[in-house]
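The structure that follows is given in the form of structure tokens.
Bear in mind that the values in this text are calculations on the coordinates, not laboratory data. Treat the numbers as computed from the prediction; the structure is a model and nothing was measured. No Cβ is skipped: glycine too gets one built from the backbone with ideal geometry, and neighbour counts run over all protein chains shown.
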Amino acid sequence: MVGPPAGPEPPFPLRLTGPVIAGFGRGSKELGIPTANIPVSGLSVGGCEDVESGVYYGWAGLGRTPPPPPPPPEEREGEIPPPAEPDKPAAAAAAPEEEEEDSDPRPAVYPMVMSIGWNPYYKNSVRSIEVHLLHSFPATFYGATLRLTILGFIRPEYDYVSKDSLIEDIRTDIDVARRCLEREPYGVFGKEPWLVEGL
Ligand code: ADP
Ligand code: RBF
Ligand code: MG
């Protein structure tokens, strides 16, 4: 059959958003594959509460990483406030000289592969959403907002006889995602303004 290249089919695209939270602390350390975890409560907000567990791919919009919160008041006792500059309004005096160029190039859109489920290999007791972005980052970005456009299902979650076979399958998932997203009908979704709006 010859026809126009097929794009995502229902129920895709699915859209999901949430802040990057701390996960199980294994992705980078044990598997060498970092995964940005977002709260599962996002599934109900996005109308995907009955989404099947498994491995999915799509595009991710990543917002700026918020600055760390100020220390609690008791730790600030005795701290001397900086002197106000007389001829400058307070806000301008506190503003940094200039945005450091390219140190935080986000918000930006990246290809992603993700797992929704129970991580049977680790026998988790809670369902999790974990997103691996196909990009190398110089630092972590906990607290940043992730916006996801999920375009397809790759496979169900499996239990594995070894960690190496789990890693091997995730590497294959990454290749599948990269190749699928290169195709025009999937590529166009990476250009949707939704992915970076409000980030
Ligand atoms: P955790 O168990 O807290 O999720 P991981 O070891 O899975 O920790 O590491 C994930 C964290 O690493 C993410 O929250 C993010 O801040 C950072 N990170 C760096 N590079 C990536 C990437 N390519 N994809 C996803 N997260 C990344
Ligand atoms: N965990 C599993 O137990 N079984 C899987 O089939 C599985 N597939 C995954 C596929 C991808 C693309 C990703 C990013 C993760 C997958 N995981 C799977 C989750 C993995 O165990 C988890 O990311 C680490 O334990 C870190 O929390
Ligand atoms: Mg993780």
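Could you tell me whether segment 120-187 comes out rounded, prolate or oblate from its Cα gyration tensor? Rule is a ≥ b ≥ c as square roots of the eigenvalues, rounded for a/c under 1.5, then prolate if a/b exceeds b/c, otherwise oblate.
It comes out oblate by the Cα gyration axes.
Quick check on segment 152-192: take the gyration tensor over C-alpha atoms, sort the square-rooted eigenvalues as a ≥ b ≥ c, and tell me if it's rounded (a/c under 1.5), prolate or oblate.
Cα axes put segment 152-192 in the prolate bin.
Going 7 Å from the Cα of Phe153 along its beta-carbon direction, which residues of segment 112-144 have the amide nitrogen within less than 16 Å of the resulting point?
Residues 114-118 fall inside that zone.
Of the trypsin sites (Lys or Arg not before Pro) in segment 1-65, which ones lie in a loop per DSSP and count no more than 16 other C-beta atoms within 10 Å?
Arg26, Arg64
Find the centroid of the Cα atoms in segment 1-75 and in segment 145-191, then give the distance between the two in whole Å.
So the separation of the two Cα centres works out to 12 Å.
Label points 7 Å out from Cα along the Cβ direction at Arg178 and Glu52: separation in nm?
2.6
How far is it, in nm, from the label point at Ser125 to the one at Val45 when both lie 7 Å from their Cα along the line to the Cβ?
The answer from the label model is 2.6 nm.
Give, in nm to one decimal, the length gained when the segment between Leu134 and Glu168 is fully stretched (0.36 nm per residue of separation minus the Cα-Cα distance).
Here the answer is 10.7 nm.
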